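The values are calculated or read from the model by the stated rules, or taken from the named source; none is laboratory data. Here the structure is a predicted model, which is why all the values come from computation and not from measurement. Cβ sites come from the backbone with ideal geometry, for glycine too, and all protein chains shown count toward neighbours. Areas reflect the complete protein model, heavy atoms only, side chains present, ligands, DNA and RNA absent. Shrake-Rupley method; radii C 1.70, N 1.55, O 1.52, S 1.80 Å.
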Amino acid sequence: MYNLLLVVFFLSLNALAANLNLNDLKISDLSGKSVKLEKKAKIVFLWASWCPHCKKVLPYWVSKNKNLDPEIFYISADDDVKAWKESASNYKVRKHYLAKAEENSALAVFKFPSVLIVNNKNEVISTYSVWNEESSNAALKRFEAEPTRDIP
């Protein structure tokens, strides 16, 4: 019974995540300026500077960003702005944003790190937990197989 409850719980979290619209996030760039994500199909790598698994797979995603279409956007769910800026600088990622956890309760449904497949309306289509290179490769393959990235 306990296992069944856990399965239902995690399926519920995925359903919540899949209904998230990233237009609702309060995010800022490295200069502290409030920004809105571009409305185009994208992959979002959701991470945090305090997360050891995130630090382990972030270099993999940075290396994939060079030849991947669409581009990867990196959103860190940190409340420690200094730690976030240091991590962002260390990994040399473009399209890097901060979504303070205290201002974005919708991010609480995600495990870190996660990859979000997002359509051109900034709606999350799919989510994948990526703990290592193997799970990251699997997420990329699933992304390539997504039937709908752009919605008219």
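Conditions tested, residue by residue: (1) in contact with a helix residue (DSSP H, G or I) (Cβ under 7 Å, 6 or more places away or on another chain); (2) aromatic (F, W, Y).
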| residue | (1), (2) |
| --- | --- |
| E71 | yes, no |
| D80 | no, no |
| W84 | no, yes |
| N90 | no, no |
| V118 | yes, no |
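Of all the criteria given as (1) free of Cβ contacts under 8 Å to residues at least 60 places away in the same chain; (2) within 17 Å of L20 (Cβ to Cβ); (3) basic (K, R), the one not satisfied by K39 is (1).
Condition first: in a helix (DSSP H, G or I) and in contact with a strand residue (DSSP E or B) (Cβ under 6 Å, 6 or more places away or on another chain). Can you find one or more residues in segment 85-105 that meet it? The answer is yes; a qualifying residue exists. Scan segment 107-119 and give yes if some residue there is in contact with a Lys or Arg (Cβ under 7 Å, 6 or more places away or on another chain), within 25 Å of N137 (Cα to Cα), modelled with pLDDT of 85 or more and surrounded by fewer than 21 Cβ atoms within 10 Å (Cβ to Cβ), otherwise no. Yes, there is a match, as at least one residue in segment 107-119 is in contact with a Lys or Arg (Cβ under 7 Å, 6 or more places away or on another chain), within 25 Å of N137 (Cα to Cα), modelled with pLDDT of 85 or more and surrounded by fewer than 21 Cβ atoms within 10 Å (Cβ to Cβ). On the basis of being closer than 16 Å to N21 by Cα, open to solvent by less than 60 Å² (accessible area, probe 1.4 Å), in contact (Cβ under 8 Å) with a residue 24 or more places away in the chain and in a helix (DSSP H, G or I), does L58 make the cut? No: the conditions fail for L58.
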